[in-house]
Amino acid sequence: MTTAPRTIRQLTETVINQIAAGEVIERPASVVKELVENALDAGATRVEIATAGGGLSLLRVIDDGHGIPPDEIPLAVSRHCTSKLSDDIHAIHSLGFRGEALPSIGSVSRLTLRSRTAEADSANEITVDGGKVGPVRPVAANRGTTVEVRDLFYATPARLKFMKSERAESSAITDVIKRIALAYPDVRFSLTGTDRSSTEFAAVAPDGEGLLQRIAQVLGKEFPENAIPIDAEREGIALSGYASIPSFSRGNALNQFAYVNGRPVRDKLIAGAIRGAYMDALPRDRHAVTALFLTLDPELVDVNVHPAKADVRFRDPGLVRGLIVGAIRHALEMSGMRAATTGASAMMDKFLRAEAPASHSPAAYRHDYTARPGEPWRAETSPSRPLEAVTPVAAGFAEPRQATFESAVTPSADARAATIEPEPEALKHPLGAARAQVHENYIIAQSEDALVIVDQHAAHERLVYEALKQAIHSRPLPSQMLLLPEIVDLPEEDAERLDAHSAFLAKLGLGLERFGPGAVAVRETPAMLGEVDVHKLVRDLADEIAESDTAETLKERIDHIAATMACHGSVRSGRRLRAEEMNALLRQMEATPGSGTCNHGRPTYIELKLADIERLFARR
């Protein structure tokens with residue numbers, strides 16, 4: 001079946017704007033992002049966002065920025081009109097620059113723009129209804145700009161079918177504000193509406209301390225307590241911010257915040273670099289919490305890759321990835337012994353939730369017992385009898401009968417272990433001195449101000465793994481020669497990339513060289529890998545180099561084998577340790593980077609401060 005040829009014609013301005021809206025405005029959160037970025041580019045110090053119906057019924061953004069002069073208001077709602085871009089399109093120093101946001105939004109909604117400059121006596125307003133622009137008229141308003149968007153997507157009802165629930169759309173708007181607020185700690189953000197509870201981020205000082213306060217506002221007060229500072233620079237690219245210690249992690253990557261020149265981005269290269277930095281410390285289903293800020297020359301990054309400006313492209317992706325991986329790993333090594341505060345919090349919570357039986361609660365003894373005249377004294381009802389559970393904490397440890405203590409003639413094995421007397425100097429160490437071993441796997445240690453519980457298998461597993469890695473990567477790895485070279489056919493560009501990285505691969509035991517156009521010959525493979533699928537390994541390496549300009553896949557495989565060897569070669573659960581062995585393990589942990597978690601991302605120890613213990617027993 002053939003169709004008649006159609007005449008080429010110019011699209012109407014409304015259709016052009018709606019097509020642009022389809023690229024830029026995906027959902028209400030996209031509108032909020034564009035409008036808030038405009039407010040920040042206008043120098044706003046206060047941004048207020050109000051929503052209704054998940055942002056589909058109403059979106060209102062109010063700022064106290066510079067405002068728009070009356071003669072420029074019609075241009076603000078016209079396509080490809082912007083005050084943020086010079087003739088050099090590579091020198092982008094603002095969040096917005098396309099000049100498509102307002103006309104695109106107005107083409108699919110009912111938009112009202114009201115603005116006033118500091119010099120003007122009154123404000124001016126313009127409306128855009130489904131792409132139809134109204135006249136400019138004077139109104140009363142404070143300095144700054146107010147943009148009100150009603151009935152979003154009413155002009156393109158098909159898009160409404162793809163919207164999620166009001167709760168989901170409201171949550172997406174909140175996430176956008178969080179990501180922007182983190183980069184602008186000196187700006188006050190407030191988010192209100194009939195479809196949400198109010199959220200406010202108070203303005204703080206634009207310095208390091210202020211940034212930590214804003215991070216606590218956005219990511220919760222626990223994050224600063226479990227984060228390490230990141231500060232590194234390489235070849236003109238600076239990286240700063242904070243990253244969580246390995247024992248403080250999440251089940252998804254939603255709490256990884258990354259910024260490029262102040263612009264919040266969701267970049268695959270940065271996400272992959274963060275994952276690579278924690279490769280030895282977190283399992284694949286756990287993710288670090290980060291707030292990282294990259295600062296570099298605008299000409300070294302392309303922020304115009306995606307219409308929504310969510311993705312970026314670096315001129316030297318390998319340099320950026322190496323900087324992030326190296327900076328985080330170095331910071332983790334320099335952070336020393338750190339245990340997540342959430343471990344102690346969880347322990348406290350477990351104790352406090354272990355409620356005593358109602359008949360044995362302190363309240364029961366205060367109120368339920370009433371002496372009757374002539375009633376004989378009975379031990380089981382006396383308020384003065386020995387209690388099995390005086391407090392919720394004691395309920396977790398109480399012996400079922402007082403007779404248990406009276407009938408004990410000889411101390412248990414664990415009780416004998418607890419008679420270890422530590423040297424005073426040993427208590428000054430971060431992990432203190434060993435006092436006991438319980439359940440043949442957990443070392444109980446005492447420091448000057450804390451109680452420390454160590455998982456001996458997890459701790460020793462990390463120590464063995466780090467020693468193996470040091471031995472493996474301190475010199476070229478042994479390789480095994482193939483009887484016949486394996487010829488791997490590849491696209492020419494992949495073969496060139498592998499050849500460029502051949503020296504690094506040779507250090508890891510993989511010997512390869514060019515073999516004519518579009519092919520490489522593999523003559524040696526790492527001995528540690530044993531029998532390996534050469535074709536799959538080489539293609540995986542080629543894909544990784546093409547994406548991130550690195551060849552870490554091979555190193556990761558070798559490290560995985562080292563981790564397996566460490567797991568099987570470490571102190572097993574169930575083995576009794578002498579006092580000197582336990583203390584030696586503690587001292588090794590203190591001297592080994594990353595010993596706060598094992599190779600699988602589990603914590604190796606939990607620290608309970610003396611103040612927390614005293615709170616458990618109501619001493620504080």
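Observations
- Residue satisfying condition, being touching a Pro at 6+ places or on another chain (Cβ under 7 Å) and either of a type in the set (A, V, I, L, M) or in the same structural domain as Ala546 (by TED's automatic domain parsing) (or both), within set Gln456, Gln446: Gln446
- For beta carbons closer than 7 Å, sequence separation of 6+ or different chains, a first residue in the stretch 456-471 that is over 24 Å from Glu440 (Cβ atoms) and a second that is small (Gly, Ala, Ser) and in a helix (DSSP H, G or I), the qualifying pairs are Leu468/Ala562; Leu468/Ala566; Lys469/Ala562.
- Pair list, Cβ under 9 Å, 6 or more apart: the stretch 500-513 residue of a type in the set (S, T, N, Q), other residue surrounded by 21 or more Cβ atoms within 10 Å (Cβ to Cβ): Ser502/Leu510; Ser502/Leu512; Ser502/Val520
- Among the residues of the stretch 487-494, at least one is assigned to a helix (DSSP H, G or I), within 33 Å of the chain's Cα centre (by Cα), within 21 Å of Leu269 (Cβ to Cβ) and free of Cβ contacts under 8 Å to residues at least 60 places away in the same chain.
- Residue match in the stretch 437-450 (condition: closer than 16 Å to Thr592 by Cβ and among the acidic types (Asp, Glu)): no
- Of all residues in the stretch 1-58, those being under 19 Å from Val176 (Cβ atoms), of a type in the set (D, E, K, R), modelled with pLDDT of 70 or more and in a helix (DSSP H, G or I) number 4.
- Among the residues of the stretch 304-316, those that are at pLDDT 65 or above and surrounded by fewer than 20 Cβ atoms within 10 Å (Cβ to Cβ) comprise Asn304, Val305, Ala310, Asp311, Arg313, Arg315, Asp316.
The values are calculated or read from the model by the stated rules, or taken from the named source; none is laboratory data. Remember, it's a predicted structure, so these values are computed and weren't measured experimentally. Reconstructed Cβ throughout: ideal geometry from the backbone, glycine too, with neighbour counts over all protein chains shown.
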